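Worksheet: one structure, shown below.
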Amino acid sequence: MPTSPVILVFGDSNSHGTMPLSRLGAVDRHPPEARWPEVMGRALGYQVIVEGHPGRTTVHDDPIDGAHKNGVRALPVALESQRPVDLVMIMLGTNDCKARFGLRGWDIAASVGKLAQMVMASNAGPDGGAPGVMLIAPVPVKEAGVLAEMFQGGPARSRAIAPALREEAERLGLPFFDAGRVAAVDPADGVHMDAAAQVALGMALAEAVRGVLPVP
């Protein structure tokens, strides 16, 4: 009997399921039924492994929150510990929009592309091959609430990610999805999604994945 496909979600707090923050340092998390990776997995009937680390960047050591936030450092560990996986879904870039990094949308998209190429060069897929990869542009941020100063200038940076990442996905021959088409951040903190947005994103990505992986 064929096994169900396995998906690895590699993301940040919005993949972790962090709830909109009313105060800095809060660690509240949506219940599993309201986190987009779990919603997607139930809709598909696939196994979904979630590597969602709050504060994770694409390829940058965070000078305040620490080098362990760097996705380049974490991705090889996730691939080796979770293999074999059929598909790696990368949704990063939100934390790269923090004022402390001063990046452009193109820089962020190129950094996601670097992560994708690491997956494509790995042996973390079935039979020691490389997994498939899907690139997801994160929901654009707003300057709001307790995170407004941290993400000063972030809205413009984040809106530039999707078109640049679409081009990067085309260059690499990978499927692309723009999360901002189906979900939005909660205005309470301008960065995190509420439960309804998480569910909407999960259902939309289930449809997108059906075009990439076979239905079991």
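Does L174 satisfy being in contact with a strand residue (DSSP E or B) (Cβ under 7 Å, 6 or more places away or on another chain), part of a loop (DSSP other than H, G, I, E, B) and of a type in the set (A, V, I, L, M, F, W, C)? It is true that L174 is in contact with a strand residue (DSSP E or B) (Cβ under 7 Å, 6 or more places away or on another chain), part of a loop (DSSP other than H, G, I, E, B) and of a type in the set (A, V, I, L, M, F, W, C).
What number of residues in the stretch 75-113 are under 30 Å from T3 (Cβ atoms), among the acidic types (D, E) and either buried (at least 17 other Cβ atoms within 10 Å of the Cβ) or in contact (Cβ under 8 Å) with a residue 60 or more places away in the chain (or both)? So the count comes out to 1.
For V48, the conditions (1) at pLDDT 95 or above; (2) within 27 Å of V199 (Cα to Cα); (3) out of contact with any strand residue (DSSP E or B) (no Cβ under 6 Å at 6 or more places or on another chain) are fulfilled apart from (3). Close contacts from the stretch 117-141, counting a first residue that is in contact (Cβ under 8 Å) with a residue 12 or more places away in the chain and a second that is surrounded by fewer than 21 Cβ atoms within 10 Å (Cβ to Cβ) and of a type in the set (F, W, Y), with Cβ to Cβ under 7 Å and a gap of 6+ residues or different chains, come to L135/F176. Is there any pair with a first residue in the stretch 48-74 that is more than 14 Å from V112 (Cα to Cα) and touching a residue at least 24 places away in the same chain (Cβ under 8 Å) and a second that is hydroxyl-bearing (S, T, Y) and in a strand (DSSP E or B) whose Cβ atoms are under 8 Å apart and which are 6 or more apart or on different chains, and what are they? Matching pairs, first to second residue: P54/T18; K69/T57. It is to be established whether one or more residues within the stretch 190-212 are assigned to a loop (DSSP other than H, G, I, E, B) and modelled with pLDDT under 95. The answer is yes, given that some residue of the stretch 190-212 is assigned to a loop (DSSP other than H, G, I, E, B) and modelled with pLDDT under 95.
State whether the residues of the stretch 64-82 include one that is farther than 27 Å from D186 by Cα and among the β-branched types (V, I, T). Yes, the stretch 64-82 has at least one match.
Just to be sure, is A148 surrounded by fewer than 19 Cβ atoms within 10 Å (Cβ to Cβ), under 20 Å from R56 (Cα atoms) and in contact (Cβ under 8 Å) with a residue 40 or more places away in the chain? When the stated conditions are applied, A148 passes them.
The condition of being in contact with a Cys (Cβ under 8 Å, 6 or more places away or on another chain) and of a type in the set (D, E, K, R) holds for only one of R157, R210, R181, R171, that being R157. Of the helices (runs of 4 or more DSSP H) contained entirely in the stretch 63-166, those carrying at least 2 residues that are closer than 25 Å to A200 by Cβ and under 19 Å from the mean Cα position of the chain (by Cα) fall at 105-120, 154-159. There is no residue in the stretch 75-88 that is over 17 Å from V139 (Cβ atoms) and touching a His at 6+ places or on another chain (Cβ under 7 Å).
The values are calculated or read from the model by the stated rules, or taken from the named source; none is laboratory data. Bear in mind that the values here come from a model prediction, so they are computed numbers and not experimental data. Quick reminder, even Gly has a Cβ in these numbers, built from the backbone with ideal geometry, and neighbours come from all protein chains shown.
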